[in-house]
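Student: The structure that follows is given in the form of structure tokens.
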Amino acid sequence: MLRIKLPANRPTSTKPPNSIQEASIRDLQQAAKRIEWFDVAKGMAIIMVTAFHSNGALEAANVDTGASDDLHAFLSSFRMPLFSTASGMFASSAVKGSWGSLWKRRLETLAWLFFLWSVALWLFAKVIPLDSDPTFGDELSNLFKALIRPSEGIWFLWCLVVFYTFTKLGRLVDDRIVLPGVVALSLAGFVIKGAPAQHGVLGFVQGSLAYVNAASYLVFFWAGFRYKDLIVEKVPTTARQVLLAVVVFAFCRWGSLSAELLIARAALRFLAACVGVLLLLSLAKGCFHFVPWLAKWLSAIGGRTVPLYVLQVPIIWTIVVLLADQANGVTDGGVEAGLLHIHLALFVMGVVQVIDLSATRLGALWLFTSPRAMMHGARINPQ
């Protein structure tokens, strides 16, 4: 493991550590303590997100994707909880610094990316309508709605701003108050998700993926930040532990679908998400130790998620529209149709990698990080 040791006689500066350069030093020090298979877990999560968006675009193009819809409904139990937990695990050094440091190292880049790519998606929707997202309409007011109340698209960037801000503030409060609070908020989020369409304030919240999911997944980000060591300790490592976790997950998943009371379904869905995250972390750890070539690929993806996250929706929709005639020919819902979204997702990941490398060589990193961070030579992956 890389060890970074600073000279013992280095003079102590009285200047607050608020520059980009000093923040980069702290990033390097934190990287020395990085648990490498966390990146494997993030890679798994972003691939599941890409496959989900690919499947949704194909269905919107009237392609019968067979059982893949059921597969993604199953993966929804832990897909974004895993992403949120992994993001929280990498938040420690940024959150524990000053507010100025947090802004320069995370919030500035997240706010820039969210604004830039919201505008880009709004313009893109004028060429290829994103019918699944009503916020990307023809009027300029739709763009403002997308910024304030994201429905789909890049809503997770909006949530990350909320997560980082809350976590920074949450450090001022006793964990015995914060933890029950975020658990209750998560349960409320799952209740709102499972409730019939509502009107008024509840309907306003229900209509935004960012609002509902910020409530549902904040607890996972907080847990990743605050209880990282405990989570690592509790990750199943033996066959007996994994089997027990699988049984618990299966029971919670079944209960979340069959329970009559909405609050019971929400509670069981929350528990299924918690156990599912542990199982996927166990899978990531096992992959890292026993399948190094696959772990290396997943780690590379997980260590650089921003380009894939912001680019995947327009690329997926462009491909689906261009190949609509050929895609519509796949209507049997069999194996071929069920694998189509996987092929599409892998192709999109390759396209994104080419774009990312090209942006790096052309000096266009402002596409994936804030302009000021780019000018200081930073290459930040704020998730």
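Student: Could you please give the count of residues in region 278-312 that are under 28 Å from LEU367 (Cβ atoms), touching a residue at least 60 places away in the same chain (Cβ under 8 Å), open to solvent by less than 20 Å² (accessible area, probe 1.4 Å) and not small (Gly, Ala, Ser)?
Tutor: So the count comes out to 8.
Student: May I ask you to say which residue of LEU113, LEU82 is closer than 30 Å to ALA284 by Cα, open to solvent by less than 50 Å² (accessible area, probe 1.4 Å), touching a Ser or Thr at 6+ places or on another chain (Cβ under 9 Å) and modelled with pLDDT of 85 or more?
Tutor: Result of the check over LEU113, LEU82: LEU113.
Student: Out of everything in region 247-264 that is open to solvent by 70 Å² or more (accessible area, probe 1.4 Å) and in a helix (DSSP H, G or I), what residue ends up being farthest from PHE78 (Cα to Cα)?
Tutor: ILE263
Student: Are any residues in region 62-79 in contact with a Phe, Trp or Tyr (Cβ under 9 Å, 6 or more places away or on another chain) and part of a loop (DSSP other than H, G, I, E, B), and if so, which ones?
Tutor: Result: SER76, SER77, PHE78.
Student: Can LEU202 be described as open to solvent by 10 Å² or more (accessible area, probe 1.4 Å) and in a helix (DSSP H, G or I)?
Tutor: yes
Student: Give me a count of the residues in region 57-70 that are in contact (Cβ under 8 Å) with a residue 12 or more places away in the chain and out of contact with any His (no Cβ under 8 Å at 6 or more places or on another chain).
Tutor: Of the residues in region 57-70, 9 are in contact (Cβ under 8 Å) with a residue 12 or more places away in the chain and out of contact with any His (no Cβ under 8 Å at 6 or more places or on another chain).
Student: Would you confirm whether any residue within region 150-163 is free of Cβ contacts under 8 Å to residues at least 60 places away in the same chain, touching a Phe, Trp or Tyr at 6+ places or on another chain (Cβ under 8 Å) and open to solvent by 40 Å² or more (accessible area, probe 1.4 Å)?
Tutor: yes
Yes/no per residue for (1) open to solvent by 40 Å² or more (accessible area, probe 1.4 Å); (2) in contact with a helix residue (DSSP H, G or I) (Cβ under 8 Å, 6 or more places away or on another chain); (3) modelled with pLDDT under 95:
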site	(1), (2), (3)
GLU336	yes, no, yes
HIS343	yes, no, yes
THR369	no, yes, yes
ARG372	yes, yes, yes
HIS376	yes, yes, yes
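Student: Report yes if TRP317 is at pLDDT 90 or above, under 15 Å from GLU59 (Cβ atoms), in a helix (DSSP H, G or I) and open to solvent by 20 Å² or more (accessible area, probe 1.4 Å), otherwise no.
Tutor: Criteria met by TRP317.
Student: Right, next: Which members of region 205-239 meet the condition of being of a type outside the set (Ser, Thr, Tyr) and open to solvent by 60 Å² or more (accessible area, probe 1.4 Å)?
Tutor: LEU209, ARG226, ASP229, LEU230, GLU233, LYS234, ALA239
The values are calculated or read from the model by the stated rules, or taken from the named source; none is laboratory data. Being a predicted model, the structure only gives us computed values, none of them experimental. Counting neighbours? That spans all protein chains shown, and the Cβs are built from the backbone with ideal geometry, glycine included. Protein only, heavy atoms only, side chains kept; ligands, DNA and RNA dropped before computing areas. Shrake-Rupley method; radii C 1.70, N 1.55, O 1.52, S 1.80 Å.
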